[in-house]
Amino acid sequence: MRIFVLGAGATGSLLAQLLRKQGHDVTCGDRDAERARRFLGKKSAIPVVEVNARNLWGIVRAARRCQLLVNASPAVFNEIVLRAALRLRCHYLDMSAHMTRHPFKAEQLGYAKRFEQKHPGVRVDVGSLTGAEDTIDAMDLRAFGVGKRTWYRKLEMDTASWLVVGAFLLFLFVATSLNLSGQSEHYLLPFLVP
């Protein structure tokens, strides 16, 4: 698979190296190509292109012919990079979400329908994966609709989760009550003191 990794800092360079080891054709893009080469290492054969994540058409030119655009740049550039992936008609994966408009819904999900309309096979994967190794597993062909998505599961609250939440709330109530009544010397946030 031809993969373009935008943002070759600590996360992006590690991800690019892991992808290269798996046999993918990887190119990195970063606004500071020299810094990106230092992150990749002197012996790395991964090409680095100078591109600014603020420049939509610069990303499109640099990532031309890629099948997957990985956004490892700061989350504030997600929408620009998403629009570049739409123009490239490639898969999109990012490492983080910049949740300003809707605190509990990543803005990337708003682009999912546009991706489906432009290219039905394209997937949008939001930065909910915790590490580069998990990302590599997710980018296995199963993640792009070829087979069953065994790496994905819906997070649901089970009995143990509810017990942990209940125990925490009980502890919080008891600790706050003891502190307010003067029977405890624990720190209490100033706005909770009457």
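The values are calculated or read from the model by the stated rules, or taken from the named source; none is laboratory data. On a predicted model such as this, the values are computed, not experimentally measured, just so you know. Here the Cβ positions follow ideal geometry from the backbone for every residue, glycine too, while neighbour counts run over all protein chains shown.
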Exercise. Mind counting the residues in region 49-65 that are hydrophobic (A, V, I, L, M, F, W, C) and assigned to a loop (DSSP other than H, G, I, E, B)?
Key: 3
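Would you confirm, using the coordinates I've provided, whether Ala85 is free of Cβ contacts under 8 Å to residues at least 60 places away in the same chain and not hydroxyl-bearing (Ser, Thr, Tyr)?
So Ala85 passes the test.
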Quiz item: Is there a residue in region 22-41 that is among the aromatic types (Phe, Trp, Tyr), more than 20 Å from the chain's Cα centre (by Cα) and more than 14 Å from Phe4 (Cα to Cα)?
Solution: no
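Can you confirm whether Ala63 is among the small types (Gly, Ala, Ser), surrounded by fewer than 17 Cβ atoms within 10 Å (Cβ to Cβ) and at pLDDT 90 or above?
When the stated conditions are applied, Ala63 does not pass them.
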Practice problem: Just one of (1) out of contact with any strand residue (DSSP E or B) (no Cβ under 8 Å at 6 or more places or on another chain); (2) modelled with pLDDT under 90 trips up Phe77, so point out which. | Solution: (1)
Practice problem: Pull up region 68-91, narrow it to residues that are buried (at least 22 other Cβ atoms within 10 Å of the Cβ) and under 10 Å from the mean Cα position of the chain (by Cα), then point me to the one that is farthest from Gly29 (Cα to Cα). | Solution: Asn78
Exercise. Considering (1) surrounded by 18 or more Cβ atoms within 10 Å (Cβ to Cβ); (2) at pLDDT below 90, say which one Lys43 fails and leave the rest.
Key: (1)
